[in-house]
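Engineer: A single structure is presented below for examination.
The values are calculated or read from the model by the stated rules, or taken from the named source; none is laboratory data. Just so it is clear, the model here is predicted, and its values are computed rather than measured. Because the Cβ atoms are built from the backbone with ideal geometry, glycine has one as well, and the counts that use them run over all protein chains shown.
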Amino acid sequence: MAPSVSSLKNLDLSLLAQRLGRQCLQLGVEVTTAESCTGGGIASAITSVAGSSAYFTAGYVTYSNAAKTRLLGVEPALLDAHGAVSEQVVNAMVAGACQESGADVAVAVSGVAGPEGGSDEKPVGTVWIAWGSCEQQQAECFHFPGDRQAVREQAVREALAGLVARLSAQAKKK
């Protein structure tokens, strides 16, 4: 049985990253990241594991909308219609990161870490995370409590835990 995301979130970040590495090697997949509000935190956690170059291809920190468009191919019309912090944009970030890096799977994050920048519709702590490939993505919206640091840390942990859980489920199918 694949582990639940909630059980994985209790693991230390380095243990999550190590587990991700073992899964990537077992499945023969390469992973990439596309990050906005986490500013490279997910890539940093993954690459803290010795030997991660065997499965980690690239990390994109696309903080601005222009960078999301230039580096990941996110359509400006998509950003205009939905905003950077949206299901549609994180799904496009996953597809673009896989396309650009050649990786098999990706995780993408965009959110409002605060302390400013929130709105009634997307208050501080709102974070969209997507996981998937060029062809298929799955996104989820989170509302993390706390200050900027806490929101970013929770987003990194959730992104890694979600990736580990999804790869575990994929391994069970093989």
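Engineer: Within segment 1-58, work out how many residues are at pLDDT below 95 and assigned to a loop (DSSP other than H, G, I, E, B).
Structural biologist: Result for segment 1-58: 8.
Engineer: Considering only residues that are of a type in the set (Gly, Ala, Ser), touching a strand residue (DSSP E or B) at 6+ places or on another chain (Cβ under 7 Å) and free of Cβ contacts under 8 Å to residues at least 40 places away in the same chain, look in segment 119-135 and name the one that is nearest to residue 152 (Cα to Cα).
Structural biologist: 125
Engineer: Checking residue 110 against (1) modelled with pLDDT under 95; (2) touching a strand residue (DSSP E or B) at 6+ places or on another chain (Cβ under 6 Å): exactly one of these is not met. Which one?
Structural biologist: Only one criterion is unmet by residue 110, namely (1).
Engineer: Looking at segment 157-174 only, could you name the residues that are surrounded by 14 or more Cβ atoms within 10 Å (Cβ to Cβ), of a type in the set (D, E, K, R) and farther than 11 Å from residue 107 by Cβ?
Structural biologist: If the condition is that a residue be surrounded by 14 or more Cβ atoms within 10 Å (Cβ to Cβ), of a type in the set (D, E, K, R) and farther than 11 Å from residue 107 by Cβ, then 157 is the only one that fits.
Engineer: Could you check segment 129-156 and list, in sequence order, the residues that are surrounded by 22 or more Cβ atoms within 10 Å (Cβ to Cβ) and closer than 14 Å to residue 39 by Cα?
Structural biologist: Selection gives 129, 151, 152, 155, 156.
Engineer: Step by step: first the residues of segment 19-46, then only those that are closer than 13 Å to residue 156 by Cβ and among the polar types (S, T, N, Q), then the one that is surrounded by the most Cβ atoms within 10 Å (Cβ to Cβ). Which residue is that?
Structural biologist: 33
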